[in-house]
1. Classify the range B:2-69 from the C-alpha gyration tensor, please: rounded if a/c falls under 1.5, else prolate or oblate depending on whether a/b exceeds b/c.
2. Roughly how many Å is it from the Cα centre of the range A:98-143 to that of the range A:2-80, as a whole number?
3. Measure out, as a whole number of angstrom, how far apart the alpha-carbon centroids of the range A:417-455 and the range B:6-62 sit.
4. Applying a 10 Å radius around every beta-carbon, put A:179-186, A:284-291, A:343-350 in order of their mean neighbour count, most first.
5. Quick check on the protein assembly as shown: of the DSSP beta bridges with both residues there, what percent are antiparallel, nearest 5%?
6. Taking a ≥ b ≥ c as the square roots of the Cα gyration tensor eigenvalues, with a/c under 1.5 meaning rounded and otherwise prolate when a/b beats b/c, else oblate, which class fits the range A:412-458?
7. Any idea what diffusion coefficient the range A:3-205 gets from Stokes-Einstein, in µm²/s, Kirkwood Rh on alpha carbon pairs, 4 °C, 1.567 mPa s?
8. Using the Cα atoms of the range A:71-159 to build a convex hull, what is its mean projected area in square nanometres?
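Just so you know, all these numbers are worked out from the coordinates, no wet-lab data involved. Keep in mind that what you see is a predicted model, and the values were worked out from it rather than measured. Note that we place each Cβ from the backbone using ideal geometry, even for glycine, and neighbour counts take in every protein chain shown.
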Ligand code: SF4
């Protein structure tokens, strides 16, 4: 990864590609690359859909190597949904392939005049930008099928569906999995709308003729990777729970703990949660000839995903994640996994974030557009998004917009991004992360659920305020670093509990570059990323008063614990004081 | 005393999902786990009435005890 490609989509005479060296970004990858570049180069007051915004696509520092778990991709920009800086992270094949081609970043800049639509082909011979209006308003599954006829099956595709072209604020960027399904999405923050604004419909990445990236110290790297994989296989979460049940194993856990937001955050428990559970889902997947264990990219040894078939054994979608099963399920009072799977497919196909869309439908239900628990109505609302009707465009612009348009008071967003599947009144630690992360409400930014609920990597009482600030701070720092390595965040379960597995990760990072990496170096990297993101947000007009939850979390206690969010404002303001 | 025991994920294999069971007063979470032949080192999340508890916690009449192996997700 020794070069950066910049594609000026607005250049006079048509899009122009410039490939340069790394300069000030040497050594960076993933979130470190996207956030440092956006912070340095994008005007903080830029319109997110304007020519001044940039879409930075970056494989992680270890992507494209023989290291396991290294296939995560970061996409960064100023978010049209939140107005903050954004890093949206996905699996799929793109990161590995892009890294092997030597690109530490591909940056989409400017904005073309006119309404031509473009595809970008990246291979060993360079980068071509080609107008292709035959792709207009195609959704992801048919789009990838069409592109495969031309570019084949040995490439990775990054695409936007109709939602991205329409610049809807929930629009995602799809990355294909090893079997070329457009199922792994940079979902959060409307990154698909930024790609759509630049009129880029598809990026086709072909690493034919390229080799794995070589480590500086191959023997040490191989050895560290072996120990790392051993550690992942040994830990019960990464070695057994995630492969067998996927992330949706959390439905029963969160429901039992009273932190499962139900019917738009009106209760912490859902009476019908058992029918949505990971246990039920995995059994159904196996029974229908799908699979409960599948990797989103080659080289993943955890394999938390799966394949969801219908009752006749036909493919419907990849295994819906816990967040999706919640947002389209319990959050909307829906308890049918087939409905959830259908909605997950529609999200992937149209190209929208499953969390934002599900939460929005729940807010729409609260507004009276449909009844909670009405499966058919939820699908009808998604069809509006698919068709791009005025109602569909409102819904596709997320929970905050929908709540405003329909006069809903209980709108679960921070910085206009929808809250994920954990109620901050029953789990104070995750509320700290939702409130303070640079990204708008986001669970992955500092996954306090691990220590609050799952008792992995420590034990902090979810119903108390003690210890939550420090916990969220440390997790946010560690996450910013892991998101830069290209490693899937789920490695955290093993490295938090097993010092030797954390050491193996450090040794992988070190031996790849022929240096020694320490825990302090990782912390320093995480802080550097967060500081750049915070700085951007400050210049974009955000201050401490934005680092708060919506008032109803402070005013309305939730069953079964009958608690509110109790963290004090002054405490929240301490998260980034290090 | 009457205790509702709920098991999850791999703990269900060869056991049950939910059962109402009788235990003598003074029974702890560890005693219940032992009675179900759940290896203690595999116990990840233990909750009584939706609150996390430790192995030595004593049960009371009418309690609901939920036992999970170590799990993760997100
Ligand atoms: S653990 Fe899951 S999300 Fe992470 S890389 Fe593997 S399949 Fe993808």
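1. Since a/c stays below 1.5, the shape of the range B:2-69 is classed as rounded.
2. Centre-to-centre distance over Cα atoms comes out at 14 Å.
3. 28
4. A:343-350, A:179-186, A:284-291
5. Among the beta bridges of the protein assembly as shown, antiparallel pairing accounts for roughly 80 percent.
6. prolate
7. Roughly 80 µm²/s, to the nearest whole number.
8. Over every viewing direction, the Cα hull of the range A:71-159 projects on average to 6.9 nm².
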